[in-house]
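The values are calculated or read from the model by the stated rules, or taken from the named source; none is laboratory data. Model, not experiment: these values are computed from the prediction. Note that we place each Cβ from the backbone using ideal geometry, even for glycine, and neighbour counts take in every protein chain shown.
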């Protein structure tokens with residue numbers, strides 16, 4: 001059987017986008033077929049280059065998420081026959097068959113006797129390293145809080161328990177108004193007690209830095225943007241970081257685990273020269289944020305919602321046990337008296353919508369869209385609502401389950 005030296009970067013990105021949009025509803029088989037049919041003329045033109053040796057009669061392309069194939073990183077299987085080679089070019093024949101079960105996959109070419117059963121739990125990774133390439137996130141800004149009083153200052157301003165956070169860990173946090181409304185949701189990294197790093201996903205970090213500066217008073221704290229650092233990300237499991245535990249350092253790169261088993265994601269912070277920004281990748285990452293229930297608030301939605309309404313309890317994004325911080329009384333009262341009557345709901349929209357648009361049910365306003373990413377939206381809806389169909393801007397909207405596993 002002939003052997004080809006090739007690097008395979010099939011349009012897994014398309015398959016992933018399809019499964020993210022459809023959610024965990026058994027669409028894996030459709031996603032695989034769809035990626036097979038449309039992938040070749042799509043977003044990854046470098047699918048064939050010099051790389052590793054692969055048997056041309058049976059090429060299997062597993063994505064590195066074991067145990068299941070209906071997750072966002074869906075497994076793609078391709079089979080090439082010996083007849084797929086001609087005149088120095090590798091072309092893909094479409095006449096292959098596959099069958100996907102709960103425990104494995106049987107893939108074979110209809111003109112070949114070479115059929116193999118693949119165990120999804122133990123499958124070798126023969127993908128090109130570039131398939132998990134890190135790309136810059138254009139919508140992120142880094143804000144540093146440094147000095148002997150950095151942790152104490154952050155403890156008095158933000159909703160999370162910064163003092164209880166160990167060095168080398170990170171958590172979700174928020175900055176609230178005195179009335180308990182959310183100004184910003186961000187990732188708070190505690191490198192040391194004297195060195196904190198905040199990751200803002202929705203811009204205006206410079207404005208927030210200016211507002212925070214007003215509360216410094218006599219504390220030994222410096223607040224400023226870290227434009228010298230770059231944040232990159234990839235839809236792959238981290239090499240070393242796990243959960244809230246960081247890996248590495250800013251001398252090389254700092255690695256964060258921002259995903260789960262269903263949807264692995266990794267962030268890296270380094271001082272590398274910036275790469276070319278990929279707007280499509282940034283948009284896909286934003287959609288993944290919404291699938292995890294991470295609110296992405298633009299200017300019109302700031303100071304509109306309480307942490308409970310934005311589901312920050314799912315992320316461990318606020319504390320009701322630590323001391324005072326802006327909005328703490330409202331947050332604690334809502335928590336202990338059980339007065340939270342609305343929460344986030346992930347919606348699949350038939351067409352795009354703008355934040356602030358009403359969500360309707362049976363002709364009446366039921367809630368409000370808080371943030372949007374493509375055809376996905378997070379809406380604040382009543383906890384007690386009927387299962388009647390929803391609509392947004394006159395178009396149908398379908399409820400989707402939120403992904404778990406991002407609490408830190």
Practice task
With respect to residue 230, determine if the residue is at pLDDT below 95, surrounded by 13 or more Cβ atoms within 10 Å (Cβ to Cβ), within 21 Å of the chain's Cα centre (by Cα) and more than 19 Å from residue 374 (Cβ to Cβ).
Solution key: yes
Problem - Residues of the stretch 137-169 that turn out to be modelled with pLDDT under 95 and within 15 Å of residue 256 (Cβ to Cβ), as a count - result: 2
Practice task
May I ask you to list the residues in the stretch 339-371 that are more than 29 Å from residue 260 (Cα to Cα) and assigned to a loop (DSSP other than H, G, I, E, B)?
Solution key: 339, 356, 357, 362, 363
Exercise for the section: Check whether at least one residue in the stretch 300-321 is more than 25 Å from residue 281 (Cα to Cα), part of a strand (DSSP E or B), touching a residue at least 40 places away in the same chain (Cβ under 8 Å) and not assigned by TED's automatic domain parsing to the domain that holds residue 161, and report yes or no. Expected result: no
Practice task
State which residue pairs qualify: first residue touching a residue at least 12 places away in the same chain (Cβ under 8 Å) and inside the stretch 163-174, second residue exposed (fewer than 15 other Cβ atoms within 10 Å of the Cβ) and part of a strand (DSSP E or B) in any location, beta carbons under 6 Å apart, and separation of 6 or more residues or different chains.
Solution key: 167/192
Exercise for the section: Pick out the one residue from 257, 195 that is over 16 Å from residue 157 (Cβ atoms), in contact with a strand residue (DSSP E or B) (Cβ under 8 Å, 6 or more places away or on another chain), without any contact (Cβ under 8 Å) to a residue 60 or more places away in the chain and surrounded by fewer than 18 Cβ atoms within 10 Å (Cβ to Cβ). Expected result: 195
Handout entry: Residue check, residue 203 buried (at least 22 other Cβ atoms within 10 Å of the Cβ), in contact (Cβ under 8 Å) with a residue 12 or more places away in the chain, in contact with a strand residue (DSSP E or B) (Cβ under 8 Å, 6 or more places away or on another chain) and not in a strand (DSSP E or B)
Key = no
Handout entry: Residue within the stretch 272-285 that is part of a helix (DSSP H, G or I), touching a strand residue (DSSP E or B) at 6+ places or on another chain (Cβ under 7 Å) and surrounded by 21 or more Cβ atoms within 10 Å (Cβ to Cβ) present
Key = yes
Problem - the stretch 227-258 - residue that is in contact with a helix residue (DSSP H, G or I) (Cβ under 8 Å, 6 or more places away or on another chain) and part of a loop (DSSP other than H, G, I, E, B) and, of those, nearest to residue 204 (Cα to Cα) - result: 235
Problem - Filter pass, residue 240 being within 26 Å of residue 163 (Cα to Cα) and surrounded by fewer than 13 Cβ atoms within 10 Å (Cβ to Cβ) - result: yes
